[in-house]
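Q: To start, I am sharing the structure in question, which I have written as structure tokens.
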Amino acid sequence: MNIILIILAVIIFLVAFLLWSTVTFEIAANAKKVVITASMYGFIKKDFILPSEPRAEKNPENNMSKNFEKKTPKKSVPKNEGSENPAVTSEKEDISAAKRIFGSMWDSDVHWFDFANIYDAIEKYTTLISRGGSALAVFLRKMKRKIRTKRLDLYLKFGLGSPDKTGVAYGAAHAVAGSLNAFIRSYFKSDTGLVLYLDPDYVNSCFEFELGSIIKTRAAHVLHALLAALIRFIINYLKGSVGSVRNFRQASD
């Protein structure tokens, strides 16, 4: 009996040790890469890089052997035995299609957003965006005043190709930053708010940005908000599925 109580006490201590700890997120982002460093108690750290970097080959000899293997004929394998799981294949195709669609939103030739592709992506994923937006609203509402920002710096270099348009965008950016600062101060626990650095280019069309931020919160707050958002997303999904079945029945009748 005493051993069971000791085990339960240790489990409770470990759960409390994790849930009530302060999690720190250090974010560094630009137009090419986003690096998020999550740390807990100063010694538990994990880096997340978006998009993920391709894995390099460890040994060049492996490449030679692979090339040799490609040249050698292989025995034909029946489709049922060697084919990949259809569910996994369809999931990979959906992910790759989403990457192609959202990756085409940025025009690398003119260094500016491709608004036509943005509109097409929003129109195609309207249902998913609405469900995700509702779940995100629940997450943000649960996390209100439970996040502390130690740093929130944003550097923007932009140009619209003409001095007048760039000047108007410069003033609009300051206005948006002022409104955003009011939201940040009401939502986050922040001393400085958003620190914005603008670098307008009145000649060329370009857009570059660098973001640096340090965010702190408790793991228990994040877990509670994620569970509430997930429940809302599942409810919206079930409602959408029921509505689709009803519409199908009405159309068939």
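The values are calculated or read from the model by the stated rules, or taken from the named source; none is laboratory data. Treat the numbers as computed from the prediction; the structure is a model and nothing was measured. In this analysis, Cβ positions are derived from the backbone assuming ideal geometry, glycine residues included, and neighbour counts consider all displayed protein chains.
Residue-wise test of (1) free of Cβ contacts under 8 Å to residues at least 40 places away in the same chain; (2) more than 25 Å from Met40 (Cα to Cα); (3) not β-branched (Val, Ile, Thr).
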position	(1), (2), (3)
Thr149	no, no, no
Gly159	no, yes, yes
Asp164	yes, yes, yes
Val168	yes, yes, no
Phe183	yes, yes, yes
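Q: Assess whether Tyr155 counts as being surrounded by 14 or more Cβ atoms within 10 Å (Cβ to Cβ) and either over 30 Å from Ala229 (Cβ atoms) or aromatic (Phe, Trp, Tyr) (or both).
A: Yes, satisfied.
Per-residue answers, yes or no, for (1) touching a residue at least 40 places away in the same chain (Cβ under 8 Å); (2) β-branched (Val, Ile, Thr):
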position	(1), (2)
Ile4	no, yes
Phe13	no, no
Ser21	yes, no
Val34	no, yes
Lys45	no, no
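Q: Looking for something farther than 25 Å from Val23 by Cα and among the polar types (S, T, N, Q) - is there at least one such residue anywhere in the stretch 169-184?
A: yes
Q: Give, as residue ranges, the helices (runs of 4 or more DSSP H) completely inside the stretch 75-193 that count at least 2 residues that are acidic (Asp, Glu) and at pLDDT below 85.
A: Fully inside the stretch 75-193 and qualifying: 86-103, 115-124.
Q: Can you name the residue in the stretch 198-234 that is part of a strand (DSSP E or B) and of a type in the set (A, V, I, L, M) and, of all such residues, is surrounded by the most Cβ atoms within 10 Å (Cβ to Cβ)?
A: Only one residue tops the list, namely Ile215.
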